[in-house]
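Single-structure report; data block below.
The values are calculated or read from the model by the stated rules, or taken from the named source; none is laboratory data. Quantities reported herein were computed from a predicted structural model and do not represent experimental measurements. All Cβ positions, glycine included, derive from the backbone under ideal geometry; neighbour counts span all protein chains shown. These area figures cover heavy atoms from the full protein model, side chains too; ligands, DNA and RNA do not enter into them. Shrake-Rupley method; radii C 1.70, N 1.55, O 1.52, S 1.80 Å.
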Amino acid sequence: MIIFLYGLDDYRREQKKREILAEFEKKRSDLGVGEFDLLEEGSFEKFREFLVSQSLFEQAKMAVLDSAFEVDAKELKNVLQEFVDNKNVTVLMSEPVRQAQGKNLEFLKKKPVISQEFEFLKGEEWETFIVKEAKRVGVRIAPTALNFLAEVYQNNTWGLVTELEKVQHLGNPSRGSGSRIE
């Protein structure tokens, strides 16, 4: 199985990646997880070896790929297509691109691949996200502050969440809760 997360909103994409990884580890264990940054020399070969090797302890495994589009697209496609329908091997890819690089990787956006796009939120969706994140960190937010944050941090989800966390700690440093933005 291949899971392809893509889009410019790094924060939400990373949250989804962590959620998928945590779910896998909860059901199985972290013994069957391999992480590969394909910018590192020799990592593509290690990735391929991980996919085909059999484990004595884990029947299912997950390969987490970073910088997947740094390797030859045709070679990557050949490796990935062997595991598209494999229920015991999950390849999790998270890339900040709008589309798969070239024709060879367009299959990543089609079934049976599970793909999800993370573009920046706008309008009401963006404001709902801000309110949800503020609530998550324990910050109450006034409507004027919501409008201000929505405008200032548009297309900067990491910056927004960091700012909310700062405010949360300012409200009550000993407990880190009870803050309000007005």
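Report in % the part of the accessible area of the stretch 1-77 that belongs to carbon and sulfur, leaving out ligands and nucleic acids; probe 1.4 Å.
Working: 1980 of 4420 Å².
Reported share for carbon and sulfur atoms: 45 percent.
Dipole size in debye (nearest 20) for the stretch 70-168 around its Cα centre, Lys and Arg Cβ +1, Asp and Glu Cβ -1? Walk me through the numbers on the way to the answer.
On the way: 14 positive and 16 negative charges, 54 e Å.
It comes to approximately 260 debye.
So who's got an amide H within less than 5 Å of the one on PHE120, skipping anything under 5 residues away but keeping other chains? H placed 1.01 Å off N, in plane.
LEU8, ASP9
What number, in percent, do you get for the relative contact order of the stretch 13-148 if the mean sequence gap of Cα pairs under 8 Å and at least 6 apart is divided by its residue count?
Numbers: 122 pairs, mean separation 26.0, N = 136.
Rounded, it is 19 percent for the stretch 13-148.
Using a basic spin-label model with each label point 7 Å from the Cα along Cα→Cβ, how many nm lie between LYS46 and GLN116?
2.7 nm
Can you put TRP126, TRP158 in order of accessible area, largest first, using a 1.4 Å probe?
On the way: TRP126 5, TRP158 110 Å².
Greatest to least solvent exposure: TRP158, TRP126.
Using protein chains only and a probe of 1.4 angstrom, how many square angstrom of LEU31 are accessible, to the nearest 10?
The value for LEU31 is about 120 Å².
Quick check: from the Cα gyration tensor, does the stretch 1-58 come out rounded (a/c under 1.5), prolate or oblate? Walk me through the numbers on the way to the answer.
Working: a/c = 2.53, a/b = 1.22, b/c = 2.07.
Cα axes put the stretch 1-58 in the oblate bin.
Can you give the FRET efficiency for ASP72 and LYS109, using 1/(1 + (r/R0)^6), R0 = 25 Å, r = Cβ-Cβ distance, to the nearest 0.05?
Details: r = 19 Å, r/R0 = 0.77.
Plugging the Cβ-Cβ distance into 1/(1 + (r/R0)^6) gives 0.85.
Can you give the FRET efficiency for GLN15 and GLN54, using 1/(1 + (r/R0)^6), R0 = 25 Å, r = Cβ-Cβ distance, to the nearest 0.05? Don't skip to the answer; put the middle values down first.
Numbers: r = 32 Å, r/R0 = 1.29.
Once rounded, the FRET efficiency stands at 0.20.
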